[in-house]
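Have a look at the structure below, then the notes.
The values are calculated or read from the model by the stated rules, or taken from the named source; none is laboratory data. Note that the coordinates shown come from a computational prediction; the quantities given were computed from them, not determined experimentally. Here Cβ is always computed from backbone atoms with ideal geometry, including for glycine, and neighbour counts include all displayed protein chains. For accessibility, only protein heavy atoms count, side chains too; no ligands or nucleic acids. Shrake-Rupley method; radii C 1.70, N 1.55, O 1.52, S 1.80 Å.
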Amino acid sequence: MAFKTNFLWGGATAANQFEGAYLTDGKGLSTADVMTAGAYDHPRQVTWKNPTTGETGATDFGFATDKRQVPVGTNPAVLDNEYYPSHTATDFYHHYVEDIKLMAEMGFKTFRLSLNWSRIFPNGDDAEPNEAGLVFYDHVFAECHKYHIEPLVTLSHYETPLNLAIKYNGWADRQVIDFFVKYAKLVINRYHDQVKYWLTFNEINLMDMGPFLAGGVIDGSPQNRAQAAHNQFVASALTVQAAHAIDPKIQVGQMLAYSPLYAYTADPADQLKVQLQQQATLFYSDVQTGGHYPNYRLNQYARDGIKLDDRPEDYDLLAKYPADFLSFSCYGSNTVTTHEDKGDAAGNFMTGVKNPYLETNAWGWATDPDVLRIALNTLFDRYHKPLWIVENGIGWADELTADQKIHDDYRIKYLQANLNSMRDAVTIDGVDLMGYTMWGCIDLVSAGTGEMKKRYGFVYVDRDDIGNGSLKRIPKDSFYWYQKVIANNGSDLSN
Ligand code: BGP
């Protein structure tokens, strides 16, 4: 057994972290555009302004104690004296021809990118779309098809038009369902000949941990987060329904942030903690891919006094139009325990304790050689739907040598272990896997820290944390390694 011949090898990006051109050709502001840069030891911030008094300030990204991302009476805003990494990012907007050519050189079969919603509907609730924004993506898709690269398009990747956040508290308001579905229908109608694979919301389960990022929710109370998630589920089902009506060959997937959880000890209390914490994540795929609200979540809502603003037909839609496939990001595993502190570990928006068996990178993320096999089997056993790994990779402060090379053997080593684990899931266990897109295939801004220094790419981009650099693209050693892996369809991972 081997990977199927049409296995979709490629790389992944997101508009807010890659495109730049944050106000070019009529684009409006998005939630990403008001987020400053942070680092491993200090969080990103959301800047704000009081429209009446003119007072300005910044709040750490995440939850403020009163569950609001910015103080009452203020709005998230771009301030003059701040640096915002999304504004230029690594400027895919002006480098897409060169970048897609580099992807083709590696042999990409697919390229995951997101559309910038605020490039198309600058305020989110506009009556008419911004044609210039749509034309940009016409060109991007044409370029992909020149090289037979199949685009995989995320409709919303951590950027809600800022106006929707300010006016409606983002996805907490049901009206946003209609704005999104109008946007989704417009782009699916326009691009269905060029784009067969679509994803609705990037890492939808981030609604629990970072609702401003996941859905422009400024007041992230538990009630609002539950409502925002519900609204995104309904919007996803309506998108599946519309996409199938527009073109039956289209497939719309869910996108989940998934890290297998391990118990630190054999104490049953630790096993139970693993199970309950897994439910917090799998709730999102139980609804969006499985088509039903699970009892464990409904009971929790009842206990917490959360009441959804729902309609009976919402539940029919969820059951009738679940996601066609389940895609997920997976960078490593997390380890949890009920016992006293075992030393904190970091991860993809999730925390736990340090796993003594695993090595970590400079940001504390652990490399786990078995993680993809475990993740793929868990998700396939639960949903029996095709899977797609749409993010996996390792952030590293790559160094450019005097002769303009990047010797990223650590990245090759990480990917060899991960791809080997993925291959075992497919060839030994028979998991149905559609493709693999390595995260941040060309260097881009980190979502978690806003840094450039935390690089993931096969291609280096000359740009630093304060906005200096020529934006020149330089293939790293891993570029040539991945080229070889794709050429032999994953049968030989050696370097
Ligand atoms: C995921 C996001 C991406 C991406 C990645 C790596 O959560 O979907 O947008 O950035 O993680 O995380 P980071 O950039 O924080 O290293």
Name the single residue, out of those in the range 405-427 being away from the ligand (no atom under 16 Å from the Cβ) and basic (Lys, Arg), that is least open to solvent (accessible area, probe 1.4 Å).
Arg423
Looking at the range 315-331 only, could you name the residues that are outside any helix (DSSP H, G or I) and either away from the ligand (no atom under 16 Å from the Cβ) or among the aliphatic types (A, V, I, L, M) (or both)?
Tyr321, Pro322, Ala323, Asp324, Phe325, Leu326
What is the one condition in (1) touching a helix residue (DSSP H, G or I) at 6+ places or on another chain (Cβ under 6 Å); (2) in contact (Cβ under 8 Å) with a residue 60 or more places away in the chain that Thr47 does not satisfy?
(2)
Return yes when Val287 is in a strand (DSSP E or B) and either more than 16 Å from the ligand (Cβ to nearest atom) or over 26 Å from the mean Cα position of the chain (by Cα) (or both) and no when it is not.
no
Extreme residue, farthest from Gly216 (Cα to Cα), among residues of the range 13-27 that are within 16 Å of the ligand (Cβ to nearest atom) and among the small types (Gly, Ala, Ser)
Gly20
Say we look at the range 138-186 and pick out the residues that are open to solvent by less than 40 Å² (accessible area, probe 1.4 Å) and among the small types (Gly, Ala, Ser); which of these is farthest from the ligand (Cβ to nearest atom)?
Ala172
Which of (1) farther than 25 Å from Asp324 by Cα; (2) part of a loop (DSSP other than H, G, I, E, B); (3) open to solvent by 10 Å² or more (accessible area, probe 1.4 Å); (4) at pLDDT 95 or above is the odd one out, the single condition Thr65 does not satisfy?
(4)
Just the residues that are more than 16 Å from the ligand (Cβ to nearest atom), outside any helix (DSSP H, G or I) and closer than 29 Å to Gln275 by Cα, please, taken from the range 371-404.
His384, Lys385, Pro386, Leu387
Can you pull out the residues in the range 355-370 that are away from the ligand (no atom under 16 Å from the Cβ) and not aromatic (Phe, Trp, Tyr)?
Asn355, Pro356, Leu358, Glu359, Pro369, Asp370
Test Ala89 against the stated conditions and say whether it is out of contact with any Pro (no Cβ under 6 Å at 6 or more places or on another chain), assigned to a loop (DSSP other than H, G, I, E, B) and either open to solvent by 50 Å² or more (accessible area, probe 1.4 Å) or modelled with pLDDT under 95 (or both).
no
Which pairs have Cβ atoms under 7 Å, sit 6 or more apart or on different chains, and link a residue in the range 285-314 that is on the phi > 0 side of the Ramachandran plot to one that is modelled with pLDDT of 95 or more?
Gly291/Leu318; Gly291/Ala319; Gly291/Pro322
Could you run through the range 218-248 and say how many residues are farther than 28 Å from Gln69 by Cα, in contact with a Lys or Arg (Cβ under 6 Å, 6 or more places away or on another chain) and either surrounded by 24 or more Cβ atoms within 10 Å (Cβ to Cβ) or aromatic (Phe, Trp, Tyr) (or both)?
0
Here are some residues: Gly450, Gly430, Gly490. Which one is in contact with a Lys or Arg (Cβ under 7 Å, 6 or more places away or on another chain), part of a loop (DSSP other than H, G, I, E, B) and either over 28 Å from Ala39 (Cβ atoms) or away from the ligand (no atom under 16 Å from the Cβ) (or both)?
Gly490
Going by what's in this entry, would Gly57 be described as modelled with pLDDT of 95 or more and open to solvent by 10 Å² or more (accessible area, probe 1.4 Å)?
yes
Filtered residue count, the range 183-202, keeping only those that are in contact (Cβ under 8 Å) with a residue 60 or more places away in the chain and more than 16 Å from Asp324 (Cα to Cα)
4
